[in-house]
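Inspection log for the structure reproduced underneath, given as structure tokens.
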Amino acid sequence: MTAHTGIGAAVRRKEDFRFITGAGRYTDDINRPGQAHAYFLRSPHAFARIKKLDTAAAAKMPGVVAVLTGADVQADKVGGLICGWVLKGKSGEPHKAPPHPVIALDHVRHVGDQVAVVIADTLAQARDAAEAIVVEYEPLTPVIDLRRALEADAPQVHPEAPGNLCYDWEIGTPKSEVDATFAAAAHRVSLDLVNNRLVPNPMEPRAAVGEYDRGTDELVCYSTSQNPHVLRLILCAFILGIPEHKLRVIAPDVGGGFGSKIFCYAEETVCVWAARKLGRPVKWTSDRSEAFMTDAHGRDHITKAELAMDANGKFLAMRVDTIANMGAYLSTFATAVPTYLYGLLLAGQYTTPQVHCNVRAVFTNTTAVDAYRGAGRPEATYVVERLVEAAARHLKVDPAELRKRNFVPPDAFPYQTPVVVAYDSGNYANTLDEALKLADYAGFPARKAEAAARGKKRGIGFSAYIEACGLAPSAVVGSIGAGVGQWESAQIRFNATGSVFVNTGSHSHGQGHETTFAQIVSDRLGVPIDQVEVVHGDTNRVPMGMGTYGSRSLAVGGSAIMKACDKIIEKGKKIAAHLMEASVDDLEYEHGIYKVAGTDKSVPMAQVAFTAYVPFNYPPGLEPGLEESAFYDPSNFTYPSGVHIAEVEIDPDTGITTIANWTAVDDFGNVVNPMIVEGQVHGGIAQGVGQALLEGAVYDKDSGQLLTGSFMDYCMPRADDLPSFNVGMTHTPCPHNPLGVKGCGEAGAIASPAALMNAITDAIGTEIQMPATPEKVWRAIQANSSAQAA
């Protein structure tokens, strides 16, 4: 009955009709009666002391309701922004957590830092008034470069963090053991790698509306948030000091996030606080320039990575030393990204028996850095897969063959790695074989020769990635510093006529949850998919949940839905048994139909639902109604994996790289909607290609000015930068969640940078750092040609 809309069906996304017809409702579409507008005056300096701040003239400007500063925030006892993951370093001490005021007090610490906010009847009036604010700054020398930040004489971003060090952390095999293995190894390779800083750039900029009801003393925050309940928790418990039931957070349609909308920001905090203070709704919408300066950036690592091998190319040990940029302040989950979301994945798909990772995180006078699509996993894959490719070249071994020699075999699962985690399932060699076929790897030498005859350089590169999705379980992540649990919630409520509401604590901002979650319910309960309504994003309508990040929604949120479905089915059995005058033990259930075993008696779920609400013929003592809630706390991460193969052609005269072919074969376990999964893979690859070829947030190292502060200077991938993708899948189901799913939203972004850079360096015969712009590639070719000639 539901085969064409249930689990495994390529159902078109239900939510797309409203999006493509312009009927979506985003935060900027929300306007409340009596609404005022906020405009933030931002620092033009990367580092400065505020000597004088005069708002008198601005306050007298037409339409101005208020001009608020850090002093007003302090007077109202509004707390600062927090980091929700307490990381303990080598010493056992927690990370350094300097204050992060929502509006600056005596210092500004990056270009774009909030200095004051003007609230006026119109945005134009607020903007005009901000120009009348007089600020006298004493510029200070900023520190921008990561290595420079750790030097003894470097400027200090915060007095609370001596030496600009946030933490010094390690994980894995004791370093002394790894050092001994390296000393005795037959072969060693090393790379110095840069994982370039990225600006997230979701299509919809951040926005917020704060509203206060004086009669009930209740606040509402409309926000472009990926996790409304967590935002409510932080605002209430740590910043505003109000009971949670007095704040309702609504995240309506959200136009992309890529991680940047996980966090609690100053602007939404100010809108909520100011709405209560002024008794009027307050609205703010970021413009694109603000987004470049204030949305949490991603990546920004420098790493020395080394791999030790025996004489046969078996991996013996890996040694990784990374400096990670935190920016000027700690964002909500900043400490976790370069540590537990990075170091735990450095074993890759391989049986490397020893891995040691050391990470030092530093403060600089730049925008905060936090999770961006993949969040630590792309950085880890980049280290591992660039090293493996370098090892293959050092050994003069085919890179596919070297990987196969070192893969975790399929009979070794669950596989315990030297970096804490235990992988759930996989067949890495099979996935690689499928990718090799799809990419026509055997035909690559002929294509390379044909390109050379045309004067082009052709290269091929692999990336055999592994990812950890759905942080879990709560007890474990709590023990390593997480400030919130990692469970998810679901509530399923039948109406009397058989339609269903699914209330989920997950949040959709482009992933297609309204379709995939409805498919699960349709498949399990036998309800037509068009009669399933998925509700999310409103803390007053849905049970508390942890939101969406880390490819957790299906593995964790979908599993909670499955558990709620199972409860519905169990209660329904009692009703159906009563209707058919049978024993509950004699009932069988499949896709919405209850049957008495060995008979032709049956009752559909719709009749059970109607009976539950019109209980004239009903089991004695059983509550009427048909709704159930469930919470699901995973017992482990899920571990999607796969192989991406990039093939490029480079013009040596211009340095322009053209992606000739792209093959992606991924193992996401069971798949609910293959069309949505393929779309997620496509989007992730596009972002990874952007990082590898085009994107890079660049600050002037002397002034701290953001040099790539607009789309004129920050190059985003466009359609003609991308090829058609050859996408395939293998399936080893996750053994520990009821759906057998693993998560797919970030895989493309995780695998693609390494695959593309391996292909480029294969083509040009020398190493190069991301982004591989035409100029950089051209210069590398020229330098390599000169070196060979010499």
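The values are calculated or read from the model by the stated rules, or taken from the named source; none is laboratory data. As the structure is a computational prediction, the values presented were derived from the model and not from experiment. Backbone-built Cβ (ideal geometry, glycine too); neighbour counts: all protein chains shown. Keep in mind that these areas ignore ligands, DNA and RNA; they rest on the heavy atoms of the full protein, side chains included. Shrake-Rupley method; radii C 1.70, N 1.55, O 1.52, S 1.80 Å.
Using DSSP, restrict attention to beta bridges with both residues in the stretch 487-557 and report what percent are antiparallel, rounded to the nearest 5. Mind showing how you got there, number by number?
Details: 5 of 9 bridges.
Of the beta bridges lying entirely in the stretch 487-557, close to 55 percent run antiparallel.
Mean Kyte-Doolittle hydropathy of 0.5 or higher plus an axial Cα length of 20 Å or more: which whole DSSP H helices in the chain meet both?
Flagged H segments are 674-689, 747-764.
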Check: So, with a 1.4 angstrom probe, what is the percent of accessible area on the stretch 144-184 that is carbon and sulfur?
Finding: 54 percent
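Quick one: length gained pulling residue 779 to residue 412 fully straight, 0.36 nm per residue minus the C-alpha distance? Don't jump to the answer; show the numbers that get you there.
Working: separation 367, 0.36 × 367 = 132.12 nm, distance 4.54 nm.
Separation in residues times 0.36 nm, less the Cα-Cα distance, equals 127.6 nm.
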Next item on the list: Mind checking which of 36, 132, 103 is farthest towards the positive end of the stretch 34-160's charge dipole, using Cβ charges of +1 (Lys, Arg) and -1 (Asp, Glu) about the Cα centre?
Entry: 103
Margin query: For residue 545, what residues show an amide H to amide H distance below 5 Å, using hydrogens built from the backbone and excluding near sequence neighbours?
Written below: 229
Check: Which of the chymotrypsin sites (Phe, Trp or Tyr not before Pro) across the stretch 117-177 are loop residues per DSSP, with 12 or fewer other Cβ within 10 Å?
Finding: none
Checklist line | HN-Hα J in Hz across the stretch 73-80 - Karplus 6.51, -1.76, 1.60, θ = phi - 60°, x for Gly and Pro | finding: 4, 5, 5, 8, 6, 7, x, x
Margin query: Once ligands and nucleic acids are excluded and a 1.4 Å probe is used, how much of residue 263 is accessible, expressed in Å² to the nearest 10?
Written below: 10 Å²
Checklist line | Amide H contacts of residue 116 (H built 1.01 Å from N, under 5 Å, at least 5 apart or other chain) | finding: 41
Margin query: Using +1 at the C-beta of Lys and Arg and -1 at the C-beta of Asp and Glu, which of 327, 753, 122 has the Cα lying farthest in the positive direction of the dipole of the chain?
Written below: 327
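Whole number in Å², please: accessible area per residue of the stretch 363-485, 1.4 Å probe, ligands, DNA and RNA not counted.
Values: 4030 Å² over 123 residues.
Value for the stretch 363-485: 33 Å² per residue.
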Next item on the list: Return the long-range amide H neighbours of residue 372 (sequence gap of 5 or more, or a different chain), with a cut-off of under 5 Å between placed amide H atoms.
Entry: 299
Next item on the list: Read phi for every residue in the stretch 28-40 and hand back ³J(HN,Hα) as whole Hz from Karplus 6.51 cos²θ - 1.76 cosθ + 1.60, θ = phi - 60°, with x for Gly and Pro.
Entry: 5, 7, 8, 10, 9, x, x, 5, 10, 10, 9, 9, 9
Note to self: Test of the criteria: in the stretch 26-91, which trypsin sites (Lys or Arg not before Pro) are in a DSSP loop and have at most 12 other Cβ atoms within 10 angstrom of their Cβ?
What the structure shows: 60, 77, 90
Item checked: Entry for volume of the Cα convex hull per residue in Å³ (calculated from the structure that is shown) out of (i) 179; (ii) 280; (iii) 170 -> (i)
Margin query: Just to be sure I follow the definition: excluding the sites themselves, where is the longest run in the chain that has none of the GluC sites (Glu not before Pro) in a DSSP loop with at most 13 other Cβ atoms within 10 Å?
Written below: 161-580
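If you keep only loop residues by DSSP, which trypsin sites (Lys or Arg not before Pro) in the stretch 441-538 have at most 13 other Cβ atoms within 10 Å of their Cβ?
Values: sites: 447, 448, 454, 456, 457, 458, 493, 524; in loops: 454, 456.
Passing both the DSSP loop test and the Cβ count: 454.
Considering only DSSP beta bridges whose two residues both sit in the chain, what percent are antiparallel, to the nearest 5?
Details: 102 of 130 bridges.
Close to 80 percent.
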